[in-house]
Amino acid sequence: MKLLEAKAKALIENVKLQTTPGNRSFEIGVFVSQGLRGKEITLYEAYLLSGMKMEFTRLSYVQPAWSNRVQISILLELLNLRLLAAAFAEKSEEVRWTGYAKEAYSMNHEKRPHYILDHYQEYLGETISPKLLQNMKDVRASRSKPFDNGPYHTEVFPYDKCNCEELLLQGKTLPRRTKKVYNAIENVLVELALILQ
């Protein structure tokens, strides 16, 4: 736990050193990826941190001072956050991520055929149709993922750590006991919220 606390402290220092929301987002994303890979943080903690990451990412494309543009990878990450919110049975968060996804979709600069983008607005409805969830499940299971057809929803958080579409197809949610946040990560979330202000 001491190692995680040291890494969490380093994250906050690195985020404070960054001068753009996009770079701050990147630092948080690296922390989440490494924390998940090293099994140092829980899926729920990674979800909350990824939510903060997306708050910084959003600033980078909605504020005129920054030059970031919405791309398919951002739309996929927002959709995955919406699915994770549903998997954690957090309805208000699901509504928030859906709203952010609609906003980002209206600003999307990457126009080309894509297995999710082609139906993106349908993914943002009150409920996601089983057909669309099945499509995501099939893509996840496929060994063939041609580069030109990507990016894929499995290439952004939560990667392979949660098969949300399978859970939702089965009408299940993640158990309440998985919603643990340890002190080190709780402190990081508070610090990131203060930086975001």
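The values are calculated or read from the model by the stated rules, or taken from the named source; none is laboratory data. Values in this document were obtained by computation on a predicted structure and should not be read as measured data. Cβ placement follows ideal geometry from the backbone for every residue including glycine, while neighbour counts extend to all protein chains displayed. Ligands, DNA and RNA are stripped out before the accessible areas are found, and what is left, the full protein with its side chains, is counted by its heavy atoms. Shrake-Rupley method; radii C 1.70, N 1.55, O 1.52, S 1.80 Å.
Charge tally for ASN14 (other residues, Cβ to Cβ under 14 Å; Lys, Arg +1; Asp, Glu -1): +2. Rolling a 1.4 Å probe over the protein heavy atoms gives the chain an accessible area of 54 Å² per residue.
In this rough spin-label picture, where each label sits 7 Å from Cα along the Cβ direction, the ALA89-LYS145 distance is 3.0 nm. You can think of it this way: the chain between LYS16 and GLN170 has 51.2 nm of extra reach, that is 0.36 nm per residue less the Cα-Cα gap. The phi torsions of the stretch 32-49, fed into the Karplus equation with coefficients 6.51, -1.76 and 1.60 and a -60° offset, translate into couplings of 5, 4, 5, x, 5, 4, x, 6, 8, 10, 7, 4, 5, 4, 4, 4, 5, 5 Hz, rounded to whole numbers, with Gly and Pro shown as x. Per-residue ellipticity at 222 nm from helix content only, as computed over the chain with -39500 (n - 2.57) for each DSSP H run of at least four residues, stands at -19500 deg cm²/dmol.
Loop-resident trypsin sites (Lys or Arg not before Pro) (DSSP state other than H, G, I, E or B) in the stretch 1-82 with no more than 15 further Cβ atoms inside 10 Å of their Cβ: LYS39, ARG69. Segment MET107..LYS2, full-extension length gain: 33.6 nm, with 0.36 nm per residue of separation and the alpha-carbon distance subtracted. Counting lysine pairs in the stretch 1-121 whose alpha carbons fall under 18 angstrom apart, excluding pairs fewer than 8 residues apart on the same chain, gives 10. Multiplying the residue separation of VAL190 and THR127 by 0.36 nm and subtracting their alpha-carbon distance yields 19.5 nm. A simple count of charges around THR42, restricted to other residues whose Cβ falls under 11 Å of its Cβ and scoring Lys, Arg +1 and Asp, Glu -1, yields +3. A simple count of charges around ALA65, restricted to other residues whose Cβ falls under 15 Å of its Cβ and scoring Lys, Arg +1 and Asp, Glu -1, yields +3.
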